[in-house]
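The values are calculated or read from the model by the stated rules, or taken from the named source; none is laboratory data. A quick note: this is a predicted structure, and the numbers were derived from the prediction, not measured. In this analysis, Cβ positions are derived from the backbone assuming ideal geometry, glycine residues included, and neighbour counts consider all displayed protein chains. All accessible areas refer to the heavy atoms of the entire protein, side chains included, with ligands and DNA or RNA removed. Shrake-Rupley method; radii C 1.70, N 1.55, O 1.52, S 1.80 Å.
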Amino acid sequence: ATVCIQHAPAAKQDAGALWTTAMGAPLEMPPVLLTDYLSKTLQVLVQDKDHRLTLIRCTGKVLWRRTLDGPVLGGVQQVDRYRNGKVQMVLNTASSMYMIDRLGRDVDGFPAALKGTACAPLSVFDYEGDRDYRLVVPMEDGRLLNFGIDGKPVPGWTSNTLHGPVAAPLEHIRIKGKDFILCV
């Protein structure tokens, strides 16, 4: 598949491009490919310098645009919040966590304001593979915030404060039946 995204209308279409879509401003993050659960095709999600998210169908048609409170940190992940085969996208900015449906609407409980400033993308963990997701957000002050799929803090969660901000996405590992979160 070939994707061509431009920030201003071009006089002519590049040879070999299947489609082009004019954006209102230069891109702030690289394009992210997401799966549409209905058509099983890939869609393109981009964010421009004005913090506008745009979801583009595989044909080049813009499905929706919406503005966030800042740049997306890292990538975008898809989850099945309601366990019904319909997926939502999960992402975060420095100050908020978002869960957005395929039509560009906020899912109940989102956006969720973060208490502090996030320093890296949130990580989605499904410890047992049963879609009981946890959203873990690393903060500038060394804390790790742990949220349920409803956007509310996980009761009883405590973590040691790290010596500094996290530099990469968090990873989950299991050793001899014990769960660990790996932080760099």
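Here are some notes:
- 1 or more residues over 20 Å from the mean Cα position of the chain (by Cα): qualifying strands (runs of 3 or more DSSP E) within the stretch 110-184: 171-175, 178-182
- Screening Gly74 with (1) modelled with pLDDT under 95; (2) within 17 Å of the chain's Cα centre (by Cα); (3) loosely packed, with under 15 Cβ neighbours inside 10 Å; (4) not charged (D, E, K, R) gives one miss only, at (3).
- The condition of being over 20 Å from Pro169 (Cα atoms), in a loop (DSSP other than H, G, I, E, B), among the polar types (S, T, N, Q) and out of contact with any Cys (no Cβ under 9 Å at 6 or more places or on another chain) holds for only one of Thr54, Thr59, that being Thr59.
- Hits in the stretch 102-122 (condition: at pLDDT below 95, surrounded by fewer than 20 Cβ atoms within 10 Å (Cβ to Cβ) and closer than 15 Å to Gln77 by Cα): Arg102
- Given (1) within 28 Å of Met23 (Cα to Cα); (2) surrounded by 13 or more Cβ atoms within 10 Å (Cβ to Cβ), number of the condition Thr67 does not satisfy: (2)
- Residue within the stretch 170-180 that is of a type outside the set (A, V, I, L, M, F, W, C), closer than 21 Å to Val46 by Cβ, out of contact with any Asp or Glu (no Cβ under 6 Å at 6 or more places or on another chain) and open to solvent by 30 Å² or more (accessible area, probe 1.4 Å) present: no
- For first residues located in the stretch 121-143 and closer than 24 Å to Arg83 by Cβ, partners that are of a type in the set (D, E, K, R) and part of a loop (DSSP other than H, G, I, E, B) and lie 6+ apart or on another chain with Cβ distances below 6 Å form the pairs Arg131/Asp80; Arg131/Arg83; Tyr133/Asp126.
- Any hit, the stretch 32-42, residues being hydrophobic (A, V, I, L, M, F, W, C), in contact with an Asp or Glu (Cβ under 6 Å, 6 or more places away or on another chain) and open to solvent by less than 50 Å² (accessible area, probe 1.4 Å): no
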